[in-house]
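Every number here is computed from the coordinates shown, using simple stated rules; none is lab data. Remember, it's a predicted structure, so these values are computed and weren't measured experimentally. Every residue, glycine as well, gets a Cβ built from its backbone with ideal geometry; the counts of neighbours run over all protein chains shown.
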Amino acid sequence: MVEKDRLFFIFRFIISFGLLFLLIWIMRNNIDDIIRILKDSNKIFLTVAVLINLPLSVLLSYRLKLLFEGQAIYLNLRDVIYLTFIGYFFNNFLPTAIGGDIVKAYYASKKTNNTLVSYAVVAVDRLFGLVATVSIATIGLIFIGRTIDNKLIFYSIIAIAIFVISLMTFLFGKKNPPSLKTDKGNVVLYLKDKIYKIYASINLYKDRPAMLVKVFLLSIFLQLVSISCVYLFIVSVGAKVQLVKLFLIIPLVWTISMLPSLNGLGVREGAFVYFLKSDIGVETSIAVSLLCLGIIILYSILGGIMYIMHPLDKFRLKKCVGGV
C-alpha cells in the first residue's frame with residue numbers, strides 16, 4: 001500500500017510539474033514579458049480581488065456548516081473554518097484539487113464521531129460546488145454559446161452538465177435506498193455496506209429541500225464572486241474579455257484542475273492558457289493563472305499555520321450536538 005501511494009504521488013508530481021515545465025519551456029522566450037505584465041499590473045484591482053476573495057472561505061465554511069446541520073450535526077463556524085483551511089493546506093499533498101476533502105472529512109469525523117456521515121457531508125459540499133459551477137456555465141452557454149469558436153468548450157459543458165444531472169438524480173432520486181447486510185468477514189459485502197451508508201446519508205438531504213435550495217444559492221453566489229475575482233485579475237494586467245465569457249471558461253478551468261495532479265498545479269495553468277489565449281494572449285493568460293495560483297498558495301499557507309497551531313490532537317473544541 002505504501003509503495004502504491006508513493007507511485008501515485010510520483011505520478012501526480014510528474015503530471016503537475018511536467019505540464020508546468022512544459023509551459024515554461026514553450027514560453028522560455030517570453031518570461032520577461034510575463035514578469036513585466038505582473039510588475040505593471042494595477043495594484044488597486046489586485047487588492048480588491050484579494051479582499052473580495054478571502055471572505056469567500058468563510059462563506060464556503062458556512063455552506064459546510066449548513067450541510068452538517070442537515071445531518072443533525074451542529075458545529076460552530078470556527079470548527080468548519082478550521083476544516084476548510086486545513087483542506088486547502090492538504091490539497092498540496094493529495095490527489096487533485098479535491099484531495100484536501102479527504103483530510104477535511106477525516107478531521108470532521110474526529111469532531112462528529114461519525115466517520116461515514118462526515119465523508120458524506122464533505123462529498124455533498126463538493127458536489128454542490130460542482131453543480132453551481134455547471135449551472136453558471138450552462139447559463140453562459142445559453143447567452144453566448146453561438147459566439148464561441150472553440151467547440152471543445154461547448155461540448156465539454158454539455159458533457160459535464162449531463163454527468164452532474166445524472167449524478168444528482170442517482171443520489172437524491174430514490175426515496176428508500178435498499179439496505180445491505182453487514183458482514184465483516186466478507187470484504188466485498190462489508191465495503192458495499194459502507195458505501196450504502198454513505199449513500200443513505202447523502203440521500204437523506206432530499207427530505208430537506210429548503211436547506212438544499214439555500215446551499216445551492218449560496219454556491220451560485222460563491223462561484224459568481226470567484227469568477228469575478230478572475231475578471232479583476234484580467235483587468236489588473238490590462239487585458240479585456242467579456243465577463244459573461246468567463247462564466248463559460250472559468251468553470252471548465254476549475255473542473256479540469258480536478259484531474260490527477262498536485263492541487264491542480266500545471267493542469268490549471270495549462271487550462272487557463274488554452275481557453276484564454278485567443279482573447280488575451282498567451283503571456284497574459286499565464287500571468288493571470290499565476291495570480292490565481294498566488295491566492296491558492298495564500299490559502300494553503302494560512303491552512304498550514306492553522307494546522308501547526310492546532311493539530312488534530314489539539315482539535316478539542318466543544319463537543320458538537322446531534323448526529324444521525
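A few points about this structure:
- Neighbour-count order for Lys111, Lys206, Lys104, fewest beta carbons within 10 angstrom listed first: Lys206, Lys111, Lys104
- Residues Ile234, Ile256, Ile139, arranged from fewest to most other Cβ atoms within 10 angstrom of their Cβ, appear as Ile139, Ile256, Ile234.
- Highest mean packing first, where packing is the average number of other Cβ atoms within 10 Å per residue, the peptides 246-255, 41-50 line up as 246-255, 41-50.
- Pairs over the 20 Å Cα-Cα cut-off, from the set Lys151/Lys245; Lys43/Lys277; Lys65/Lys245: Lys43/Lys277; Lys65/Lys245.
- Among Glu69, Glu283, Glu269, the order by Cβ neighbours within 10 angstrom, fewest to most, reads Glu69, Glu283, Glu269.
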